[in-house]
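Written out below as structure tokens is the structure these notes cover.
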Amino acid sequence: MAHDKSAFERMEKIVSLCKRRGFIFQSSEIYGGLNGCWDYGPLGTELKRNLKDFWWRRMVRERDDVVGMDGSILMNRQVWVASGHEATFTDPMVDCRNCRSRFRADQLPEKNGRKQCTVCGSDDLTEPRAFNLMFKTYVGATEDESAVTYLRPETAQAIFVQFKNILEVSRKKLPFGIAQVGKAFRNEINPRNFTFRSREFEQMELEYFCRPDQGLELLEYWLKERLRFYSDIGISSDLLHVHKIPPEECAHYSKGTYDIEFEFPFGVQELEGVAYRTDYDLTQHQKASGKPLEYFDEETKQHFVPHVVEPSAGVDRTVLALLCAAFDEEHVTDEKGKTETRTVLRFHPRIAPIKCGVFPLLKNNERLVGQAREIVDLLRPHMMVFYDESGAIGRRYRRQDEAGTPFGVTVDFDTIGENGPVNNDTVTMRERDSMKQERIALAEIKSFLLERIS
Ligand code: GAP
């Protein structure tokens, strides 16, 4: 479906919905924006938070063998020298001599064996030059070479340089992992496809340390675990592809890498990398710092540098994948026979920004409003709820469909006993995807929802 007109239109609609409903805005918009930087609005922030929380729950809290850390974005420059980022974290950059646009050489289309400028079509391009993607900055008041460092381009290095401290305090035995979620920065030559390639973004990374003989098996294990994760946040396996990187294309230290890819409307693109990085990173830091980063195996009495398997996912890319997977438009006919297009985000209840809309049938009836407010108070400590009393009930449902809210509770005259005892103390519970409504008891609302959103 990549690159055809309907896929392009679908992406346009998603971007416009994101802005209209407050998922994602351009950063610094009132000043013309800042290319490659994005702000999340109220709904986007909840969605992102739910994603990160579920990743943390799955990767750290539900396991005995993983602990968390939260490292600083600025680190000693020597970290980036030792990791190889200062010398080699580059993309090949070319300029178009005709229109002066700048590109990543490996992303340009070719015609008759020659790369083409995507702005003016010229093939008069400069030779590729290596462009380092790290944002350089100065620490302290002196702007000279001795004060240089970089905004981290990945969260992983903080984990490697704290390996020894965390091993000591957590008293874990191999295999065990250290997880981290946080900001990373890359001065991408061509940020594009909405938030897909940004200059500021977040990563969710796990470094899972092991004995050398466990690496290959754990690579397969983590690939499976990560695919299970995507299924559990509602991304269907039909939209995912596993790409095994051929050995000649893997980093020189990697003994195996998989890319988990997603079918975005603009093409199949990487969502996450799962890589067996051997003992490369710890060995580099051990050599450069002169500090031992070895593990002592009490059973075999051996000292060795652990190997590592790294599942590394992008928060923003996954949020974008969730939005793309959830977006749907369908034709529905109302009770008066009028057909309209219903826009709905079919998020899994677990990651949906708002879990439940609460609606009094009429806003000028004190008893309806009072009962609805009571339900809001009951649910609020447990989940994100949204109270809405304005407009026709059908319109209120539609607004929540567009926000991806999986459930809606309506308080009507049955609820407050004005239509007799049969449905007294019950509400209608509307389900977003099927639009089916059922009556459930007030006393059951909380457990009904908790069961479905956890
Ligand atoms: N520590 C390994 C590492 O950083 P990576 O493949 O460069 O590996 C991991 O990045 C993930 O981070 C990617 O799969 C992607 O989801 C996310 N990511 C990388 N660059 C990004 C960018 N410019 N914008 C948004 N997400 C990005």
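Annotations
- Label-point separation, residue 245 to residue 340 (7 Å along Cα→Cβ), nm: 4.9
- 10 Å Cβ shell holding at most 11 others, DSSP loop, GluC sites (Glu not before Pro): longest site-free stretch of the chain: 144-297
- Three-way shape label, the range 1-152, alpha-carbon gyration tensor, a/c 1.5: oblate
- Under 15 Å, Cβ to Cβ, from residue 215 - net charge with Lys/Arg +1 and Asp/Glu -1: -4
- Degrees between helix 5-20 axis and first principal axis of the chain (Cα, 0 to 90, nearest 10): 70
- From phi via Karplus (6.51, -1.76, 1.60), per-residue ³J(HN,Hα) for the range 141-152 in Hz, x at Gly/Pro: 8, 9, 9, 10, 3, 5, 9, 6, 8, 9, 6, 4
- Between the amide H of residue 188 and any residue lying 5 or more places away or on another chain, no distance stays under 5 Å, with hydrogens modeled in the peptide plane.
- Amide H to amide H distances under 5 Å link residue 40 with 25, where only residues 5 or more positions off or on other chains count and H is placed in the peptide plane.
- Nearest 10 degrees, 0 to 90: helix 280-289 Cα axis against the chain principal axis: 60
- With at most 10 other Cβ atoms within 10 Å, longest stretch of the chain clear of loop trypsin sites (Lys or Arg not before Pro) (DSSP): 172-300
- Loop-located chymotrypsin sites (Phe, Trp or Tyr not before Pro) in the range 251-303 whose Cβ has at most 16 other Cβ within 10 Å (DSSP): 253
- Rounded to whole Hz, the Karplus (6.51, -1.76, 1.60) HN-Hα couplings of the range 297-307, x for glycine and proline: 8, 5, 6, 8, 6, 9, 9, 7, 7, x, 8
- Between residue 295 and 304, 305, the built amide H atoms are under 5 Å apart, and every one of these is 5 or more places off in sequence or on another chain.
- In a fully extended conformation the segment linking residue 90 and residue 146 would gain 18.0 nm over its present Cα-Cα distance, using 0.36 nm per residue.
- Relative to the longest principal axis of the Cα atoms of the chain, the long axis of helix 42-56 makes an angle of roughly 60 degrees.
- Inter-centroid distance (Cα atoms) of the range 400-427 relative to the range 153-214, Å: 46
- The simple spin-label model puts a point 7 Å past each Cα toward its Cβ; for residue 270 and residue 418 those points are separated by 6.0 nm.
- Measuring between alpha carbons in the structure, the pairs from 13/338; 255/301; 164/291; 173/301 lying more than 18 angstrom apart are 13/338; 255/301.
- Cα centroid separation - the range 69-92 against the range 374-389, whole Å: 45
- Dipole of the range 237-395 computed with +1 at Lys/Arg Cβ and -1 at Asp/Glu Cβ about the Cα centre; of 313, 273, 300, farthest Cα towards the positive end is 313.
- Contour excess over end-to-end distance, with Cα ends at residue 301 and residue 130 and 0.36 nm allotted per residue: 57.0 nm
- Karplus 3J(HN,Hα) series, Hz, for the range 345-353 with 6.51 cos²θ - 1.76 cosθ + 1.60 (x for Gly, Pro): 9, 8, 5, 4, x, 4, 10, 4, x
- Hull-based mean projected area of the chain, where the convex hull spans the alpha carbons, in square nanometres: 28.4
Each value in this text was obtained by applying a stated rule to the coordinates, not by laboratory testing. Since we're looking at a predicted model, the values are computed, not measured. Heads up, the Cβs are rebuilt from the backbone with ideal geometry, glycines too, and the neighbour counts pull from every protein chain shown.
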